[in-house]
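The values are calculated or read from the model by the stated rules, or taken from the named source; none is laboratory data. Note that this is a predicted model, so its numbers are computed, not measured. Cβ placement follows ideal geometry from the backbone for every residue including glycine, while neighbour counts extend to all protein chains displayed.
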Amino acid sequence: MTRSPLKAHRRITVKIGSALLVDRKSGLKRAWLAALADDIAGLRAEGVEVLVVSSGAIALGRTILGIERRTLKLEESQAAAAVGQIALAGAWDEELRKRGLKSGQVLVTLGDTEERRRYLNARATISTLLKMDVVPVINENDTVATSEIRYGDNDRLAARVATMLGADLLVLLSDVDGLYTAPPATNPEARFIPVVETITPQIEAMAGAAASELSRGGMRTKLDAGRIATAAGTAMLIASGTRLNPLSAIDRDARSTLFKASRTPVRAYKTWIAGQLEPAGTIGVDEGAVRALVAGKSLLPAGVVRVSGSFARGDTVAIVGPDGREAARGLVAYDAADAVRIAGLKSGDIAEVLGYEARAAMVHRDDLVLTPHARQDRTEKAEG
């Protein structure tokens, strides 16, 4: 085994895909859920805290309601979720109680992790559940979330939960057993990758699409989850959940891909910034600005060559270098209109253009976090 056993971790977040929990014809896969509950009980007996991010509400609800059409209208999906969520929560509670464990349902929307105050509130609630020896069962609130305000997959939601609660491992259980150089279902030459040190553009190019009709994500969303998790110091495993007792199978050396946590994880406040899924805008910068960011400095207007998007002061923006790669994310100190006006200016010229004394930095270093590849560059330069 090339990694630590699951029981060696302090806190684990486990994400379960819909296809693992729900059969379109027969409904909930009770035997599978019972076996996973055995695994969770085993980890809890070892002192490991476990958080569950459970997909399956819509899939289970449509089975209960007898909806056979492949595509649902938004309101039909929300209705199915309302029916499925109560059934799913009941099943989780029943199986965990049989093993002497308490459970608590937590439904979240995108805004609960993207807006700072709601993020802190959600973290406090789930932290309290853990202190009370409760297994939190978390899902996106599909009954109210519209397409504009939803995650759209539970891989990234699980990563946000894992980093929000300081988990040291995120396990994505799915219908794939890890990362391959190409989608193995369509490419017989695809090679399995057991360990990923950092998520590079080459790794991103290996992502395929969702593997089943019940899945809203695919390998691409798993890599998105990996970026969020590893940047915050949370390692991630992608493993198959198609067998019974999938967590025990991981410790029996079943195939899985380990994404190593960053050696220079960001602190809690910057974890929230780094995990923002949809930046409000983009700031293009020159090579000198990228070097300054990597050296730990703020982003000054002089290094800005392009501003796009409609953002307000305090919004999260992506900072992109001349090679088109994202170098950092941060909370911008200017509205988009003013950012356009001062792009390329020296700090001493800002007040004359805007007509008021303003901040010298477009994005201050305290409100900025480097992307994994940029942090790796800084680490390598420091070690060299």
Legend entry - Checking residue 133 against (1) under 17 Å from the mean Cα position of the chain (by Cα); (2) closer than 28 Å to residue 93 by Cβ; (3) at pLDDT 80 or above, the condition it does not meet: (1)
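Given the stretch 1-78, what helices (runs of 4 or more DSSP H) lie entirely inside it while holding 1 or more residues that are among the charged types (D, E, K, R) and assigned by TED's automatic domain parsing to the domain that holds residue 243?
Details: elements: 18-21, 30-45, 57-65.
The helices (runs of 4 or more DSSP H) meeting that bar are 30-45, 57-65.
Hey, which of the strands (runs of 3 or more DSSP E) in the stretch 285-337, taking only ones fully inside, have at least 3 residues that are under 17 Å from residue 366 (Cβ atoms), acidic (Asp, Glu) and free of Cβ contacts under 8 Å to residues at least 40 places away in the same chain?
On the way: elements: 304-309, 316-320, 326-331.
Counting at least 3 such residues, we get no strands (runs of 3 or more DSSP E) at all.
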Inset, instruction - Among the residues of the stretch 23-48, count how many are farther than 17 Å from residue 133 by Cβ, modelled with pLDDT of 90 or more and surrounded by 14 or more Cβ atoms within 10 Å (Cβ to Cβ). - result: 9
